[in-house]
Every structure is written in C-alpha cells, then in structure tokens.
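These notes concern the structure reproduced below.
The values are calculated or read from the model by the stated rules, or taken from the named source; none is laboratory data. These figures come from a predicted structure and were not determined experimentally. Neighbour counts are summed over all protein chains in view; Cβ atoms, including those assigned to glycine, are modelled from backbone coordinates with ideal geometry. Accessible surface areas use protein heavy atoms only, side chains included; no ligands, DNA or RNA. Shrake-Rupley method; radii C 1.70, N 1.55, O 1.52, S 1.80 Å.
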Amino acid sequence: MGTLLQDLRYGARMLLRKPGFTFAAVLTVALAIGANTAIFSLVDALLLRPLQGVDDPARLAIVYTSDFSSGLYSNSSYPDYVDLRDQNQVFSELAAFADDQPIHLSTGAEAERIRGAAVTGNYFAALGVKTALGRPLLPEDDSMAAAVISYDLWRNRFNSESAVIGRTVQLNGRTFSIVGVAAEGFKGTGLRTVLSVWVPLTVYAETGSSAASSSPLLRRGSRGYFLVGRLKPRVPPEQAQANVTDIAAQLARTYPQTNMGTLSQPDQPRPVTIVSLDRAMVGPDARDATKRLGLMLMAVVGLVLLIACANVANLLLARASGRQREIAVRLALGATRFRIVRQMLTESMLLSLAGGGLGLLLALWLADELISLEAFAVFAGLNPALDWRVLGFTLLVSLLTGALFGLAPALQASKPDLAPVLKNTALAGGGISRRFGLRSALVVFQIALSLVLLIGAGLFLRSLQQAYATDLGFGTSEGFLASVDMARQGYSEAQGRNFYEQLAERVEAMPGVRAVTLAQYIPVNAGGSRTTIYIDGYSRQPGEDLELNLNIVDAKYFNALGIPLLAGRGFSEQDTKSTAKVIIINEAMSRRFWLQESSRSSQEAVGKRLSLSGPQGPFYEVIGVAKTGKYRNLREDPLPYMYLPLSQEYRSRLTLFVRTAGDPALLMPALRGEVQRVDRTVALFDVKTLDEHLGRALGQERTNAWLIGSFGLLALVLAAVGIYGVMSYTVTQRTREVGIRLALGARPRDVLQLVVGQGMMLTAAGLVIGLVAAFALTGVISSLLYGVSATDPATFLAVAIILAGVALMACYLPARRAAKVDPMAALRYE
C-alpha cells in the first residue's frame, strides 16, 4: 500500500508538471467517457431499469389481445377481462386499466389538465404499489368516487399537506375523494406517459370520457383496456401463456362473433399474448426498434472511446520519448520493468479517473439534451437519472480506458536501449524508431474507426434527406393544430356540434387564417380508428384483412390540408344525418378492391357501396377517391383509408387544423381567446404547429442524424488531432535528417512531399481498412435507414474524400514547418 501511495503521489506530480499534456489527455478522455455514460444512462432508463415503486416487477406482465393482422398489439374488452380474471390459474391478481386519460383537475382554484388512469380496484394490489399517505384503491372502491394521486401532484399542487386525505377534488366535472398518495417514483406502467391520478374504472365511465364510456364496459368487442397481472410464485411465463391461450380458445367457442380470431386468421381463436412488463413499458411494438437504436448508439460511442484511447496512447508515447533518460536511469539503478510499467499505468489511471470525473459532469448535461430529442421526447416518463448503475458504469469504463490507452505505451517505454539513452545519443540517428511504428499503427486505427463512424453519419444524413423529400400526401405549408374534447365538458352531441361550428367560424374570420377544418385525426399521427368493412358484391379471400383505418372529417378537410381528390366529389353541407350515408376512400383502397389493372381510372370506385357493420348494413356510398398519403408514419406501406363526414358521424374529441398565411405561432394566442369567447370553461390541449407535428414523424431520422453526425464529427476531430500529433512528432524526431537533406540540396518542396506523403500513406491504409469494415458493418443499421441503401456508394465515396482532405491538412501543417527548417540549426540539433 505504501508503494502504491508513493506511485500515486509521484504520478500526480509528473502530470502537474506538464499541464498542457494533462489537459489535452483529460479532455479527450472526458469527451469519450461522457458520451458513453450519457448513452448508457439513456439505454438504462429505456431498457434496463425496472419500474419504480412496484414490488418484484419481474413477475408482472401485460396481457394483450393480439391482432397480428395490423402488426400491433391491441387491448382487451372489459367482459374478456372478467373472464380472464376469474378463469386463469396463473395470476395471483389480474387488473384492468385505461391508461393515459386526459383529466381536468379542479380544486376550487385554477383548473389544471393532468394525465390519469381509470383502474379496477385491484390495480395497486396487482402491481404491489405502496402509498406514501393514506391507502390504495381497493376492490370495494369500484363503485365509489375515490382517487389516488401521485406523489409529485401531492407535492406540487397540494404542498405535501397530510390533510389531503379525504379532501375532495373535481375530475372532469365530477367530485372525487382523495384516499391515498402513491409511493414516490410511481408514475404508471409505461414510459410514454406520466400519470398523476388513478380513479375506479367503472366510476370514471360516468365522467363523460369517450375512452371509458359505459357502453364499452358491456361490449365484448370493444377492446379499450390494458390488463396487468402478477404471476404466481414459480409460474414461468410459458405456463402462463399456455393457460391464457386455453381461455382464449374457450372464449372463441362461446363468443365466436367477437373472439374468433383476427381478420388474417379468421378460423383461429383471437390470440391472447403475455408480454413482460419491462418490454411493455416502452411499447412491445416499439421496443425492438428502441433496442436496435440503443445498441447502435452504444456501439458508436464505444468506437469514439477507442479513437480517444488511441489518441491518448499517442500522447503518452510522445511524452514517454521525453522521459527515456529518466526511465533508463531508474532501470540502471535496479528498478524492475514491472515497477516501471506499474508507475506509468498509475499515471494512466489518474488521467482516466480525472477524465471519468469530468466526463460524468458532461454526461449529466448531455443526458438532458438527449431526452429532448424528438425520438425520445415521446417518452414523457423517461428519466436518465444518475444512479448506482450509471456511476458503476462510469468507474468501470474509466478503469478500462486507463488500462487500454496506458498499457502499450508503458510496455514500450519500459524497455529502452540503455547505453544510447544514458549517453544522450538516442535521438541523434533520426531514423524511424519502433515507437513511431506503434504510433503509426494507432493513427491507422483511428482513421479506420473514424471512417466507419463518418460513413454511418453520412448514411443517416442521407436518410434524413430522403425523409424530408417524402410525399406525405397533403400540403405541409404553415399551420397549427389544437385539440378539444367536449365530452369532458359535459356537452351533448347537439351542444358539441354548436360549439365546433361557432369556433370554426370565429377562427376562420381571424386575420392571417387561410383555411380551417375539424377532424378526428391529422395525417402522420395515430393513423385512425380501425374498423371492419363489408363491401357489397366483393368476395373476401381466405385470411384477407378487412379491418381498415377510418377518419372523421368535416367538409373543408381536403381543401384545408391540400389533399387532392382524384375522382368524384368531396363532402358538402348537403351530406347530413337525414340524407344517404356517404364515404370517401383513398387511392390505395380503390386499387385494392375495385381496380384490377393500373390503367383503369379511380372513377371505377365511385358509386360502390360498403358497410361498417356487416352485410346487414347500413351501407355507405363511395362519393370520392382521395390521394394516398402517410397516416401513421413515414415508413408505412400505402394503407387503404376511409373518411366519413363529421356532419353524419359526430365525435366529441376533434382536432382543429388552421392553415395560416404566416408564422402560425403568432396566431395561437388569438385562438385561445376565441375559444374563451365561445366557452370560458373549455380547455385546448395538444396545441402545436404543423412543423412540430411533422417533427414527430421525422423524429427518428432527425435523432439518428444528429447523434451519429455529432459523434462522427467528434471522431473526425480526434482523428485529425491524432494524425497531426504523429506528424509533428515525426518532424521533431527527424529534424537532423531534414537539415542534412536541405544542406545537400533538397528543396523545401521535396521535404514537404516527403512528410505529407508519409502521413497520407497512413491515411490511405486507414481508409482502405475503414471502407472494408464499414461495408461489413453498415448492414446492421439498414433497418434504421429510410430510403437509402446501407452500402450507398455516393456516401462511401464522399465521406472517404472528406476524411482524406482533413488528413491532408493535418499532415500539411507540420510538413510546412519541416520545410522551413534552417539547415545549420538542424545540424546542431540533438
């Protein structure tokens, strides 16, 4: 221990004696470790960290009624939940809940919009969630207006008052009594939302929420609820899956109209799937993509760390050349090689730990920046906190980094040729030493890794370019959106229609407004509600999926959004509830069901009839065919799509879309004012510009391009610094040789070519290795790219040229200094 302390003190003094070297090394290490720590904290929060506030989360699972025809997991109906709860033999508790419900909270002061969940009384028992105050909801609360609030809501809205228990609040216009405060840290079962209140599901049905109305509670085919269960001890997931599969088969036999399979598998029971809670937290349909992105980012920052290690190793090699005499003296006086290596590794560890500490501070800032990126902003509950896992990861990476960049220089420096060094003649020969060979290898390594990263960055930039060029099927000029739900205000259908008509008229009259429309969904969002169709005269093929997406829009929708009608007409004021039912479809649907040849006109579909309720009707007449667009996301294949007129099919929750002539942000305050003039109690939500709305669709591509581009730029800088350092070191080592060449008649241009040529040889070797490695590795990211090949030749060539140009400049600067060497001064150089 005494020897170790002596090494630490001596190493610290040596590092402080060279502040420039120490600063450069620590900063390089800090940048790399900071990037690794920030990405790890993000991946940890998304994929690794268990749900906070619940007991034994490994035994929790979400039960889905799977619909593989849509490629999505769907929820369950309340009657199916009751059967699964009562008949299963594998769950100690099975609860149902409607997640992410917008709720208006009023405590007598100003109203506030929060997110909540409608749950069965055994919800907290199933999750094992404790309360910080009061009690959780219980099965006997299913018929009572009781509520449990979150710890954050209790602290921020109720000032952590213990007297909050028993206090009444208004939730969506109904009085609830607070019975408990959830444990700190518990905010729901998913990362996409942060919940603030939990109320009984059957009572919430009476508050007017369209998501939990009374009729869906009774309809077995209305699947609007998540199911969460706690597995009994020693029950493996496989046994649980087999049990719910048997129950699903029994339900299919008993209720074939609602439980006999999906549309793609009509002759099979509608499957019930168990998904572990950690997978469901991100979303089972999104977890694989998130995992791929997380692994890619970890690999990218790992490459940055290797480049940084090569850079610091080069710095240590350069520094070791100045300590040859010191090391030789210590060896001559009896020090063992192991002792020298340990001393130099101690100094490396000090550098890496200092860099790790600084990198940790950098990671705290960078993590906040990461979660603000569009691809991660959808996870409202994401919190990449600095916990013991992140601290342990940082310490481990710091120690490994110190060993990685310190070992080779330590081994190299601990075996000098003693006689020349002690005679002070080691540098006189001017030849290329073994150390320079190691430094050259490190530079080639840096160039190769940098090229791989830069090619990845280039591919993601090209992917983003292709995403921006995608035809979304509607106009993307200036506009903004705002949503309203009149059911939560207690409005009837007639009152709601009157409110929306008045609001649309007022907004349309505002200066700077070009067009106004109301719709249930705006493109590139949730897509639409899915419903089964029956087409008059069409023979359904075995296993054919006839569950399609549907939107409710007003008569001005297509003009306001700039969606072309390819055939027929749009909706009009004459399409009312008392007239024949009409529908508009998109071109993809027209081609699928009515056009057998691409040369035939979309007009063929106009006049055809279809039903949304089966062969018994009522039937809708197709009056128009609209251009196919993007409805869920950019990557989707062309989807058959349908539009119903708002005048015939009312929805309480609608989105107001306003097309503006200028900056839409300037008109948003005026919109709020118009809403207040119609009804002061109505609150807008999800207010955003069209650019912000579309930003979510482009979020994945933007995030990929920004992150990989940033790390690629960092790698480029490190590589440039690395090759510059090597060439500067070479010029210093070969000063005498350069002087002799100049004295013998060599021109400065010859010296310039000699040094630059040597550096570009290293660059060429790195480029060749990097191109081969990139060609082999970029296929891994092909699923994350959009509209561009993982081996895009233009990207490979452009990036290689850019990196070669940067390397050329890094070689030219020390080469120019060498060409200006005074021959007489160089001949006296030792």
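Rounded to the nearest 500, what is the chain's calculated 222 nm mean residue ellipticity when only DSSP H runs of at least 4 contribute -39500 (n - 2.57) each, over all residues?
Value at 222 nm, helices only: -16000 deg cm²/dmol.
For LYS577, give me every one of the aspartates and glutamates with a C-alpha distance below 20 angstrom, ignoring sequence neighbours fewer than eight places off in its own chain.
Within the straight-line cut-off, LYS577 pairs with GLU493, GLU501, ASP554, GLU621, GLU649.
Using R₀ = 45 Å, calculate the FRET efficiency as 1/(1 + (r/R₀)^6) where r is the Cβ-Cβ separation of GLN495 and GLN616; round to 0.05.
About 0.90, to the nearest 0.05.
So if I place +1 on the C-beta of Lys and Arg and -1 on the C-beta of Asp and Glu, and nothing else carries charge, what would the dipole magnitude of segment 747-830 be about its Cα centre? I want it in debye, nearest 20.
For segment 747-830, the charge dipole is close to 360 debye.
Given a Förster distance of 45 angstrom, what is the FRET efficiency for ARG167 paired with GLU505, based on the Cβ-Cβ distance and rounded to 0.05?
The computed FRET efficiency comes out at 0.60.
Between ASN156 and ASP822, what is the spin-label point distance in nm, taking each point 7 Å from the Cα along the Cα→C-beta axis?
Those two pseudo-labels are separated by 6.9 nm.
Could you tell me which residue out of GLY359, GLN616, ALA764 lies farthest along the dipole of the chain toward its positive end? Charges go on the beta carbon: Lys and Arg +1, Asp and Glu -1, centred on the Cα centre.
Positive-end residue among those listed: ALA764.
What percent does the relative contact order of segment 21-162 come to when contacts are Cα pairs within less than 8 Å and at least six residues apart?
For segment 21-162, the relative contact order is 15 percent.
Given a cut-off of under 8 Å on Cα pairs at least six residues apart, what relative contact order in percent is computed for segment 717-812?
Computed over segment 717-812, the figure is 49 percent.
Among LYS630, LYS291, what's the order by accessible area (1.4 angstrom probe), most exposed first?
Order by accessible area, largest first: LYS291, LYS630.
Using the beta-carbon distance between ARG749 and ALA24 and R0 = 25 Å, what value does 1/(1 + (r/R0)^6) give for FRET efficiency, to the nearest 0.05?
Step by step, r from the Cβ atoms, then E = 0.20.
Which value, in Å², gives the accessible area per residue of the chain when a 1.4 Å probe is used on the protein heavy atoms?
43 Å²
Does segment 447-567 come out rounded, prolate or oblate, given a ≥ b ≥ c as the square roots of the eigenvalues of its C-alpha gyration tensor, rounded meaning a/c under 1.5 and, failing that, prolate meaning a/b above b/c?
oblate
How large is Rg/Rh for segment 516-586, to two decimals, with Cα atoms and a Kirkwood Rh?
0.99
Count the DSSP beta bridges whose two residues both fall in segment 504-662, then state the antiparallel fraction as a percent rounded to the nearest 5.
About 70 percent, rounded to the nearest 5.
Where the centre of each part is set by its Cα atoms, how far does segment 793-807 sit from segment 492-516, in angstrom?
Here the two parts' Cα centres lie 55 Å apart.
Hey, what angle do you get for helix 388-413 against the long axis of the chain, alpha-carbon based, 0 to 90 degrees rounded to 10?
Roughly 20 degrees between the two axes.
Of GLY779, ALA183, THR681, which is farthest along the charge dipole of the chain in the positive direction, counting Lys and Arg as +1 and Asp and Glu as -1 at C-beta?
Farthest along the dipole direction, towards plus: GLY779.
What angle do you read, to the nearest 10 degrees and between 0 and 90, between the alpha-carbon axis of helix 78-87 and the longest principal axis of the chain?
Relative to the chain, helix 78-87 is tipped by roughly 70 degrees.
Give me the number: length gained by fully extending SER710 to GLU636, i.e. 0.36 nm times residue separation minus the C-alpha to C-alpha distance, one decimal in nm.
Length gained between SER710 and GLU636: 23.8 nm.
Going highest first, how would you order 248-257, 554-563, 511-520 by mean Cβ packing within 10 Å?
Those peptides, ordered most packed to least, come out 554-563, 511-520, 248-257.
What per residue convex hull volume, in Å³, do the alpha-carbon atoms of the chain yield?
Per-residue hull volume (Cα only) is 212 Å³.
For the cross-link pairs LYS556/LYS630; LYS291/LYS688; LYS581/LYS688; LYS130/LYS232, which exceed 26 Å when the distance is taken from alpha carbon to alpha carbon?
LYS291/LYS688; LYS581/LYS688
As I understand it, the value is the acute angle between the Cα axis of helix 337-371 and the longest principal axis of the Cα atoms of the chain; what does it come to in degrees, rounded to 10?
Compared with the principal axis, the helix lies near 30 degrees.
Assigning unit charges at the beta carbon (Lys, Arg +1; Asp, Glu -1) and nothing else, what dipole magnitude in debye, to the nearest 20, does the chain show about its Cα centre?
The dipole of the chain has a size of about 3800 debye.
Using a 1.4 Å probe on the protein heavy atoms only, what accessible surface does ASP246 show? Give it in Å² to the nearest 10.
So the heavy atoms of ASP246 present about 100 Å² to solvent.
What does the charge add up to near VAL26, with Lys and Arg as +1, Asp and Glu as -1, over the other residues with Cβ less than 13 Å from its Cβ?
Overall, the nearby charge balance is 0.
For the residue pair LEU407 and ASP246, what label-to-label distance in nm results when each label sits 7 Å from Cα along the Cα-to-beta-carbon direction?
Inter-label distance under the simple model: 5.5 nm.
Please give the contour-minus-distance gain from ARG13 to TYR468: 0.36 nm per residue of separation, less the Cα-Cα distance, rounded to one decimal in nm.
Residue separation times 0.36 nm, minus the Cα-Cα distance, leaves 158.3 nm.
Could you check how much of the accessible area of the chain is carbon and sulfur, as a whole percent, using a 1.4 Å probe?
The C+S portion of the solvent-accessible surface of the chain is 58 percent.
At 0.36 nm per residue, minus the direct Cα-Cα distance, what do GLU692 and LEU808 gain on full extension? Give it in nm, one decimal, please.
37.6 nm
At a temperature of 37 °C and a viscosity of 0.692 mPa s, determine how fast segment 35-188 diffuses translationally according to Stokes-Einstein, using the Kirkwood radius over alpha-carbon pairs as Rh; express D in µm²/s, rounded to the nearest whole number.
188 µm²/s
Take VAL717 and SER578, extend 7 Å from each Cα along the Cα→Cβ direction, and tell me the distance between the two endpoints in nm.
Between VAL717 and SER578, the simple spin-label model gives 7.2 nm.
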